[in-house]
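Student: Please see the structure below; I have some questions.
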Amino acid sequence: GETIVLKNVTRRYGNFTAIDRLSLQVEAGEFISFLGPSGSGKSTTLMMIAGFETPDGGSIAIGGRDVTAVPPYRRNIGMVFQNYALFPHLTVAENIGFSLKQRGVAKPEIATQVRRALDLVRLGEYGTRYPQQLSGGQQQRIAIARAIIFNPPVLLMDEPLSALDKQLREEMQLEIKHLHQRLGITFVYVTHDQREALVMSDRVAVMDRGKVEQLASPADLYGAP
Ligand code: ADP
Ligand code: ADP
């Protein structure tokens, strides 16, 4: 895992300040959640870490390297979205192998890595299926496998479970937590679900109106059990 350091990061949309001089240090290998109501700036912050949004002020460093002006595809970061964003015309294996193919990795190596990633998300038998043949939870596991295939030091997730029903969501929370323990990389997770943040994270950054209001472990935030 790598550290992520945000210093006085600001993002404006016209006259509106969505992110207001936000500073935060994420430790290497940590599981941190951004928790807050809709509109508090969680996604915008994540998108700036990913490089899909550019700050109007301040700086972002990943692994000690300033990436403020580095485009997303050169940041070596995995990303999982709420809506999975799988390619419908590609098989599960092709979806997972996509980024390696883009990078010109040789076919046998892609096949090996796809198998490893499928096993990590416990979908070893599903490589030849198409996304629409799978359940929502399975599709999200495929999206996670696709995001970790190139061994990124950082994985970003934006409300990955909010399209799933309650029971599946709780299963997936534990699965993602176990995956974090196995991979040992830095996880940044966006959610508006307090329980989810408390169950999964090492630390929770509570956001409100473009600022981090509180930053603490689940036990320190809401009292040790
Ligand atoms: P969250 O993820 O916590 O729901 P967002 O980061 O999506 O919040 O949004 C933070 C604020 O910035 C919101 O008030 C939202 O309306 C505004 N915002 C986000 N993206 C844009 C955009 N492209 N144009 C204008 N305003 C935006
Ligand atoms: P073979 O038919 O020899 O298995 P493929 O080209 O079908 O070769 O697949 C080799 C690997 O390349 C697959 O595991 C898959 O991950 C990846 N792959 C194949 N086609 C695509 C594609 N269109 N987009 C992304 N990845 C692909």
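Since every read-out is calculated from the coordinates, none of them should be taken as a lab result. Just so it is clear, the model here is predicted, and its values are computed rather than measured. Here the Cβ positions follow ideal geometry from the backbone for every residue, glycine too, while neighbour counts run over all protein chains shown.
Student: If you restrict to DSSP beta bridges whose two residues both lie in the range 98-225, what percentage is antiparallel, to the nearest 5?
Tutor: Values: 5 of 10 bridges.
Counting DSSP beta bridges with both partners in the range 98-225, the antiparallel share is about 50 percent.
Student: Where in the range 95-109 does the amide nitrogen come within less than 19 Å of the point 7 Å from the Cα of ARG182, taken along Cα to Cβ?
Tutor: 95-98
Student: Per q in 0.22 1/Å, what log10 I(q)/I(0) does a Debye calculation on the alpha-carbon atoms of the range 120-225 return?
Tutor: Summing over Cα pairs of the range 120-225 leads to -1.31.
Student: Give me the number: length gained by fully extending THR128 to GLN194, i.e. 0.36 nm times residue separation minus the C-alpha to C-alpha distance, one decimal in nm. Display every interim value, and only then the final one.
Tutor: Working: separation 66, 0.36 × 66 = 23.76 nm, distance 3.68 nm.
Using 0.36 nm per residue and subtracting the Cα-Cα distance, I get 20.1 nm.
Student: More than 23 angstrom separation, counting every C-alpha pair in the chain; what % is that? The partial results should precede the final answer.
Tutor: Details: 11798 of 25200 pairs.
The answer is 47 percent, as a whole percent.
Student: OK, next. Quick one: which residues, 5+ away or cross-chain, put their amide H under 5 Å from the amide H of VAL9? H built at 1.01 Å from N.
Tutor: LEU22, SER23, SER59
Student: Next up: Could you please rank GLU170, GLU2, placing first whichever residue has the fewest other Cβ atoms within 10 Å of its Cβ?
Tutor: On the way: GLU170 15, GLU2 20.
Ordered by Cβ neighbours within 10 Å, fewest first: GLU170, GLU2.
Student: Additional query: Name the trypsin sites (Lys or Arg not before Pro) in the range 151-225 that are in a loop by DSSP and that have at most 16 other C-beta atoms within 10 Å, would you?
Tutor: Details: sites: LYS166, ARG169, LYS177, ARG182, ARG195, ARG203, ARG209, LYS211; in loops: ARG209.
Answer in residue order: ARG209.
Student: Once you put a point 7 Å from the Cα of HIS89 and another 7 Å from the Cα of ALA219, both along the Cβ direction, what distance in nm separates them?
Tutor: Distance between label points: 5.3 nm.
Student: Sticking with this one: Distance cut-off 32 Å, Cα to Cα: go down the list LYS166/LYS211; LYS7/LYS101; LYS101/LYS211; LYS101/LYS166 and report the pairs above it.
Tutor: With Cα atoms farther than 32 Å apart: LYS7/LYS101; LYS101/LYS211; LYS101/LYS166.
Student: Follow-up. Return the sequence-ordered ³J(HN,Hα) values of the range 87-94 in whole Hz as given by the Karplus equation 6.51 cos²θ - 1.76 cosθ + 1.60 applied to θ = phi - 60°, using x for Gly and Pro.
Tutor: With the stated coefficients, the range 87-94 comes to 7, x, 8, 10, 5, 4, 5, 5 Hz.
Student: Quick one: net charge around LEU35, please, counting Lys, Arg +1 and Asp, Glu -1 for every other residue with C-beta under 12 Å from its C-beta. Provide the component values of the computation, followed by the final result.
Tutor: On the way: positive: LYS42, ARG195, ARG203; negative: GLU159, ASP193, GLU196, ASP208, GLU213.
Around LEU35, the surrounding residues sum to -2.
Student: Rounded to whole Å, give me the distance from the Cα center of the range 157-225 to that of the range 1-48.
Tutor: Using only Cα atoms, the two centres lie 15 Å from each other.
Student: Additional query: If each of ARG116 and PHE150 carries a label point 7 Å out from its Cα toward its Cβ, how far apart are those two points in nm?
Tutor: Using points 7 Å along Cα→Cβ, the separation is 1.5 nm.
Student: Could you tell me the relative contact order of the range 8-55? Use alpha-carbon pairs under 8 Å, at least six residues apart, and round to a whole percent.
Tutor: Values: 39 pairs, mean separation 15.2, N = 48.
Across the range 8-55, relative contact order equals 32 percent.
Student: I would also like to ask the following. Which of the aspartates and glutamates could a cross-linker span from LYS42 if the Cα-Cα distance has to be under 19 Å and same-chain partners fewer than 8 positions apart are dropped?
Tutor: ASP20, GLU27, GLU30, GLU53, ASP56, ASP158, GLU159, ASP193, GLU196, ASP202, ASP208, GLU213
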